[in-house]
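Each value in this text was obtained by applying a stated rule to the coordinates, not by laboratory testing. This one's a predicted model, so the numbers in the text were calculated from it and none came from an experiment. Glycine gets a Cβ as well: all are built from the backbone with ideal geometry, and neighbour counts include every protein chain shown.
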Amino acid sequence: MSQPVTMDKIVAFCKRRGFVYQSSEIYGGIRSSYDYGPLGVEMKRNIKEEWWRRTVHMRDDVVGLDSAIIMHPKVWDASGHTATFNDMLVESRTSGRRYRADHLIEDATGRDDVEGLSAEELTEIIQTDERVKDPVDGGRDFAPVRPFNLMFETYTGPVKGPENVAYLRPETAQGIFVNFKNVLQTSRVKVPFGIAQVGKSFRNEITPGNFIFRTREFEQMEMEFFVEPGTDAEWHEYWLAERWNWYTDLGMNTENLRFYEHPKDKLSHYSKRTVDVEYNFPFRGWSELEGIANRTDFDLKQHTAFSGENLTYFDQAAGNSYVPYVIEPAAGPDRIMLAFLVDAYAEEEVRGEKRTVLKLHPRLAPIKAAVFPLTKKEPVASVARELYDELKGDYRIFYDDSGAIGRRYRRQDEAGTPFCITVDFDTLDDKQVTIRDRDTLEQERVPLADVRDRLRALISG
Ligand code: GAP
């Protein structure tokens, strides 16, 4: 049995194998920014593609969208972000450090009931509970807690004035709401239907951390599913099940996955009910991977009020109009990737040999198959090359002809490559190759002509 993986180990592994690097590392790095290396970029793309495939392509009631990051500033007034998208900030007068007040209290006291409390309530706790100390110097002299808006501000055009203030979007969702009418008028969708979007969002988090779990620049995969009021509770249940199945169908261990129901008094201003999908990270416990919210008709009504556009839906069959309710599954591919990495990482001993292996679902694996010629010599090498050329248009395939075959296997096990295909001397006679399975280590002989189909079948599982 392997030990649970630590954060240090996963960070070092991600760097060593080219999954994730600290951003701007040659300049000493910048806190909370990360770059995805050759294997990481493939894996994150696979996560986003699996989400898109299942949420958009496999369905006939969801369409896609790619909206701008910089939107009209009024969008954020309407959505409530300019007024209320705040975290509670507290400054230590001894070290000058700033902390998220709820996190500071949670870490010091183990309390789990402080998120969502007002600035005054948090100030009261910090001042009276002696356990709350500045983690840097142990000081207990804190300024009063104050709200801090998480939106990144910028200016459009050459003049830096209040009239040119704009924001980097803090969620992709609002791009969907403001295009509700466009999509209705230009595609043949009918309620119930969804609009999905994947893209970058930005939040000036006070305390980013835990590697790619909480960063200031991150990606979101969000879908707004518009339904008739009254059917919203049922659709919410439907999307809870659908999203749960997405994780488990991609191989996530159900013991590490759970739903967390937000208490009614802690719900966001727009939500009637929110349920998170949480993953049990060994280094931080149960943590949100995605939120699935019933946003009611809040956003469409707000945008109607602020823009003056009518955002009601006319139901032709029933002959009535209404503002749809919205069920929103909102997920983060960065932290989902961290969860899948942790879930798949194992150090084990097989057949007397130690190996590190990433037991990723083939659909998520950065490299789907590696092709190994047993020798660099001809004609084995050119048979292997030809096979590689045949397969590489379908997926990311890796060609490796250097070192002992055992070493080549171990390198691919670490990268999570589910299948290694070896071209050996027998291939020249029987026109067959060996496909080795990463997890079972079983090897099957497959005719060269069938490898492509066999691989496709193995990957779609
Ligand atoms: N539109 C609703 C919304 O944005 P959210 O719970 O604030 O809801 C959805 O964000 C998901 O986006 C989260 O569950 C998480 O996976 C991801 N996310 C949010 N903030 C993040 C951050 N600072 N770093 C990485 N991922 C983040």
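Quick notes on this structure:
- Net charge of neighbours whose Cβ lies under 14 Å from the Cβ of TYR399, counting Lys and Arg as +1 and Asp and Glu as -1: +2
- Anchor LYS359: lysines whose Cα lies under 20 Å away (excluding residues fewer than 8 positions away in-chain): LYS9, LYS15, LYS44, LYS48, LYS368
- Alpha-carbon centroids, the stretch 372-440 and the stretch 317-332: separation in whole Å: 50
- Net charge dipole, the chain: roughly 1200 debye, given to the nearest 20, about the Cα centre with Cβ charges of +1 for Lys and Arg and -1 for Asp and Glu.
- Computed from Cα positions, the angle between helix 333-344 and the longest principal axis of the chain comes to roughly 50 degrees.
- Structural descriptor for the stretch 146-228: relative contact order 31 percent, calculated from alpha carbon pairs under 8 angstrom and at least 6 residues apart.
- Straight-line cross-link reach from LYS431 at under 19 Å between alpha-carbon atoms covers these lysines, not counting any fewer than eight positions away in the same chain: LYS376, LYS377.
- Using R0 = 30 Å, the C-beta based FRET efficiency linking SER307 and ARG93 works out to 0.10.
- Model label points for THR128 and ASN245, set 7 angstrom from Cα along the Cα-to-Cβ axis, are 5.0 nm apart.
- Amide hydrogen neighbours beyond the local backbone of TYR34, cut-off 5 Å, H modeled: SER23
- The residues LYS190, LYS359, when put in order of fewest to most other Cβ atoms within 10 Å, stand as LYS190, LYS359.
- Rounded to the nearest 10 degrees, the inclination of helix 232-249 to the longest alpha-carbon principal axis of the chain is 30 degrees.
- Computed from the alpha carbon atoms alone, the convex hull of the stretch 358-447 holds 84 Å³ per residue.
- Here the calculated FRET efficiency for GLU153 and SER23, from their Cβ-Cβ distance with R0 = 22 Å, stands at 0.55, rounded to the nearest 0.05.
- Here the sum of -39500 (n - 2.57) over DSSP H runs of 4 or more residues, divided by the residues of the chain, equals -9000 deg cm²/dmol at 222 nm, to the nearest 500.
- Förster radius 41 Å - calculated FRET efficiency between SER33 and LYS190, Cβ distance, rounded to 0.05: 0.45
- Amide proton proximity set for GLY416, modelled H, under 5 Å, gap of 5+: LEU358
- Spin-label proximity, ILE69 to the stretch 201-223 - amide N less than 11 Å from point 7 Å beyond Cα toward beta carbon: 201-203, 217-219
- Listed peptides 249-257, 339-347 appear in the order 339-347, 249-257 once ranked by packing, highest mean of other Cβ atoms within 10 Å at the front.
- Packing, as the average of other Cβ atoms within 10 Å across residues, places the peptides 449-455, 317-323, 412-418, 269-275 in the order 412-418, 269-275, 449-455, 317-323, highest first.
- Mean sequence separation of contacting Cα pairs (under 8 Å, at least six apart), scaled by the length of the chain, corresponds to a relative contact order of 13 percent.
- Close amide H pairs (under 5 Å, H built 1.01 Å from N) link VAL145 with THR123, residues at least 5 positions away or on another chain.
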